[in-house]
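Novice: Provided herewith is a single structure, encoded as structure tokens, for subsequent inquiry.
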Amino acid sequence: MADAVGGVVDPVGPVDPADERPVHDSWVAAQQGAYARVRDGVRAYRMIAAMWIRSTMAYRASFALTTFGNFAATALDFVAILLMFSQVDRLGGYSLPEVAFLYGVADTAFGLADLVLGSMDRLGRRVRDGTLDTLLVRPVPVLAQVAADRFALRRLGRITQGLLVLGYSVAVLDIDWTPLRLLMVPLMLLSGGAIFSAVFVAGAAFQFVAQDASEVQNSFTYGGSTLLQYPPTVFTKDLVRGVTFVLPLAFVNWLPGLYVLGRPYPLDLPTWVAFTPPLVAAGCCALAGVAWRAGLRSYRSTGS
């Protein structure tokens with residue numbers, strides 16, 4: 001159809017901007033709903049964690065002893081490394097301060113995730129005995145309730161121990177501390193904590209299917225932390241490929257840490273991968289969130 005001047009007329013006609021408002025309003029409402037859920041979850045987590053902290057601090061002597069016990073138990077891992085270096089000068093081509101640097105980053109990052117989400121391995125028990133049902137009827141995100149359940153402030157012992165080892169390594173290592181290298185240290189700790197947190201959540205999501213499979217989850221969380229305490233050169237290339245491209249734990253400390261230490265990367269990866277841990281952490285958290293929602297939707301109680 002042509003108009004008076006020979007132009008082509010749109011058969012649909014002009015679009016009224018008012019017609020686009022419902023779509024825009026629904027998108028805004030969805031964004032506000034997601035923000036409200038995150039806000040409610042953080043608020044609920046904070047309240048539940050504060051309740052457990054008050055309960056813990058009611059017995060200060062017990063808290064001090066358990067925190068020191070956690071510190072001492074985790075320190076035994078580094079004592080084992082010290083014993084190794086009493087017999088050798090280098091481990092996989094790395095000196096003691098270099099291994100201490102990798103150890104400190106891995107242990108501190110894992111400690112942060114363990115403090116915030118360490119209770120996630122209890123989910124399998126709740127699925128098995130049906131006590132998860134009591135969390136579903138509360139107007140609070142289930143993830144926040146499970147994560148904050150029995151919040152253990154004593155886990156600060158692991159973080160303290162990791163920071164002490166990291167501080168020792170930074171003080172001893174002869175490193176040209178450029179601004180990028182200085183920035184890389186807190187970046188590793190935060191991104192590594194987020195990656196371990198994603199593994200905690202994904203492992204908990206798996207327990208919806210496997211039920212009480214906390215040891216399987218621990219093999220990836222605690223086992224992954226122990227793996228990263230050593231340099232990648234002591235492991236086979238297949239294992240290094242697995243924790244780089246399948247379960248990306250190498251982005252916690254190996255890849256960014258080797259940039260700080262000036263070491264060549266395993267698997268001949270390019271230098272820029274040292275700066276990708278935040279992106280990897282974001283992707284891991286997104287996938288863990290999808291797994292959690294899928295697991296929660298598949299939950300059908302115990303049937304009893």
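The values are calculated or read from the model by the stated rules, or taken from the named source; none is laboratory data. Because the structure is predicted, anything quoted here is derived from the model rather than measured. Neighbour counts are summed over all protein chains in view; Cβ atoms, including those assigned to glycine, are modelled from backbone coordinates with ideal geometry. Note: accessible area is taken over every heavy atom of the protein model, side chains too, but ligands, DNA and RNA are not part of it. Shrake-Rupley method; radii C 1.70, N 1.55, O 1.52, S 1.80 Å.
Novice: Can you spot a residue in segment 104-112 that is farther than 29 Å from Q207 by Cβ, surrounded by 12 or more Cβ atoms within 10 Å (Cβ to Cβ) and of a type outside the set (D, E)? Spell out the reasoning first.
Specialist: Residues of segment 104-112 that are farther than 29 Å from Q207 by Cβ, as a first pass: 104.
Now narrow it down to the ones that are surrounded by 12 or more Cβ atoms within 10 Å (Cβ to Cβ): 104.
So of that shortlist, the ones also of a type outside the set (D, E) come out as 104.
Taking every residue of segment 104-112 in turn, at least one turns out to be farther than 29 Å from Q207 by Cβ, surrounded by 12 or more Cβ atoms within 10 Å (Cβ to Cβ) and of a type outside the set (D, E).
Novice: Any residue in segment 226-252 that is over 15 Å from P264 (Cβ atoms) sitting within a Cβ distance under 6 Å of a residue that is among the aromatic types (F, W, Y)? List the pairs, counting only those 6 or more apart or interchain.
Specialist: Q229/Y103
Novice: Right, another one. Within segment 269-285, identify whether any single residue is open to solvent by 40 Å² or more (accessible area, probe 1.4 Å), within 26 Å of G124 (Cα to Cα) and either in contact with a Pro (Cβ under 6 Å, 6 or more places away or on another chain) or among the hydrophobic types (A, V, I, L, M, F, W, C) (or both), and answer yes or no.
Specialist: Within segment 269-285, one or more residues are open to solvent by 40 Å² or more (accessible area, probe 1.4 Å), within 26 Å of G124 (Cα to Cα) and either in contact with a Pro (Cβ under 6 Å, 6 or more places away or on another chain) or among the hydrophobic types (A, V, I, L, M, F, W, C) (or both).
Novice: Please count how many residues of segment 261-304 are closer than 17 Å to G92 by Cβ, in contact (Cβ under 8 Å) with a residue 40 or more places away in the chain and not basic (K, R).
Specialist: Here the count works out to 2.
Novice: Out of the residues in segment 262-280 that are aromatic (F, W, Y) and over 15 Å from R241 (Cα atoms), which is nearest to the chain's Cα centre (by Cα)? So that I can check it myself, show each step before the final result.
Specialist: First, the residues of segment 262-280 that are aromatic (F, W, Y): 265, 272, 275.
From what is left, the residues that are over 15 Å from R241 (Cα atoms) are 272, 275.
Numbers: W272: 22, F275: 17 Å.
Among those residues, the one meeting the criterion is F275.
Novice: Confirm whether R263 is basic (K, R), surrounded by 16 or more Cβ atoms within 10 Å (Cβ to Cβ) and within 30 Å of L96 (Cα to Cα).
Specialist: So R263 fits the description; yes.
Novice: Given the conditions (1) open to solvent by 50 Å² or more (accessible area, probe 1.4 Å); (2) among the charged types (D, E, K, R); (3) more than 21 Å from the chain's Cα centre (by Cα), and given that R150 satisfies all but one, which numbered condition is not satisfied?
Specialist: Of (1) open to solvent by 50 Å² or more (accessible area, probe 1.4 Å); (2) among the charged types (D, E, K, R); (3) more than 21 Å from the chain's Cα centre (by Cα), only one is false for R150: (3).
Novice: When Q217 is evaluated against the numbered criteria (1) in a helix (DSSP H, G or I); (2) within 24 Å of M84 (Cα to Cα), which criterion, by number, is the only one it fails?
Specialist: (2)
Novice: Only one residue in V79, V88, V137, V105 is in contact with a Leu (Cβ under 7 Å, 6 or more places away or on another chain) and over 20 Å from A288 (Cα atoms). Which one?
Specialist: Criteria check complete, one pass: V105.
Novice: Being open to solvent by 60 Å² or more (accessible area, probe 1.4 Å), among the charged types (D, E, K, R), more than 24 Å from the chain's Cα centre (by Cα) and more than 18 Å from A148 (Cα to Cα) narrows it down to one of R54, R90, so name that one.
Specialist: Among R54, R90, only R90 is open to solvent by 60 Å² or more (accessible area, probe 1.4 Å), among the charged types (D, E, K, R), more than 24 Å from the chain's Cα centre (by Cα) and more than 18 Å from A148 (Cα to Cα).
Novice: Run I175 past the list (1) assigned to a helix (DSSP H, G or I); (2) within 20 Å of V252 (Cβ to Cβ) and report the number of the one that doesn't hold.
Specialist: Unmet condition: (1).
Yes/no per residue for (1) modelled with pLDDT of 95 or more; (2) part of a loop (DSSP other than H, G, I, E, B); (3) polar (S, T, N, Q):
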residue: P14; (1), (2), (3): no, yes, no
residue: W27; (1), (2), (3): no, no, no
residue: A30; (1), (2), (3): no, no, no
residue: Y35; (1), (2), (3): no, no, no
residue: D40; (1), (2), (3): no, no, no
residue: A75; (1), (2), (3): no, no, no
residue: V99; (1), (2), (3): yes, no, no
residue: Y103; (1), (2), (3): yes, no, no
residue: T108; (1), (2), (3): yes, no, yes
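Novice: I would also like to ask the following. Among the residues of segment 157-171, is there at least one that is modelled with pLDDT under 90 and open to solvent by 10 Å² or more (accessible area, probe 1.4 Å)? Talk me through it step by step, then tell me what you get.
Specialist: Pass one, segment 157-171, residues modelled with pLDDT under 90: none.
No: zero hits.
Novice: May I ask you to say which residue of L279, L189 is among the aliphatic types (A, V, I, L, M), at pLDDT 95 or above, part of a helix (DSSP H, G or I) and closer than 26 Å to L164 by Cβ? It would help to see each step written out before you state the result.
Specialist: Working: L279 fails: closer than 26 Å to L164 by Cβ.
Just one listed residue meets the conditions, L189.
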